[in-house]
Amino acid sequence: MAFKEKSEKELLKLSKDEQIKYWEEFKEYYTQKKKDIQKKIRQTEQQQKQKNKKKIDHATFVLFGALIQSQSVKSCIAELSKNNSFTDREKEDINLLLESRGIELRF
């Protein structure tokens, strides 16, 4: 049951014990309401962070896709393929990326 605020007149009609009980319920209700609002704010912020992460990842991919086509970056990649410390899994992924971009280098 939701908390119902009382008017000043109604509060004055209450006994001392009833007033104490009312103010405890008042505090409890608004404390919970504050927690609920803060939770919603955190959820909204988290959703925005996830949305931004997707956008950043996409922008990184698009930018790298454009950069990887330049000759200077291709020579840098060729140098990396000679002197690298990538794991086999990373090499497979890199080779897949290079192949998808039409670059003939292999790690």
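Points worth noting:
- Unique match (being more than 17 Å from ARG101 (Cβ to Cβ) and of a type in the set (Gly, Ala, Ser)) among SER72, SER15: SER15
- Taking the listed residues ILE41, ILE94, ILE56, ILE20, the one that is in a helix (DSSP H, G or I), in contact with a Ser or Thr (Cβ under 9 Å, 6 or more places away or on another chain), of a type in the set (A, V, I, L, M, F, W, C) and surrounded by 10 or more Cβ atoms within 10 Å (Cβ to Cβ) is ILE94, with no other qualifying.
- One residue stands out among those in region 67-78 that are free of Cβ contacts under 8 Å to residues at least 12 places away in the same chain and surrounded by 10 or more Cβ atoms within 10 Å (Cβ to Cβ): the one that is nearest to the chain's Cα centre (by Cα), which is LEU67.
- Selection from region 79-91 of residues that are of a type outside the set (Val, Ile, Thr), exposed (fewer than 13 other Cβ atoms within 10 Å of the Cβ) and either touching a Gly at 6+ places or on another chain (Cβ under 8 Å) or modelled with pLDDT of 85 or more (or both): ASP88, ARG89, GLU90
- Just one of the listed residues (GLU10, GLU5) is acidic (Asp, Glu) and assigned to a loop (DSSP other than H, G, I, E, B), namely GLU5.
- Close pairs from region 89-102: first assigned by TED's automatic domain parsing to the domain that holds CYS76 and under 20 Å from LEU63 (Cβ atoms), partner assigned to a helix (DSSP H, G or I) and not aromatic (Phe, Trp, Tyr), Cβ under 7 Å, at least 6 apart: ARG101/GLY65
The values are calculated or read from the model by the stated rules, or taken from the named source; none is laboratory data. Keep in mind it's a predicted model, so treat the numbers as computed, not measured. Neighbour counts are summed over all protein chains in view; Cβ atoms, including those assigned to glycine, are modelled from backbone coordinates with ideal geometry.
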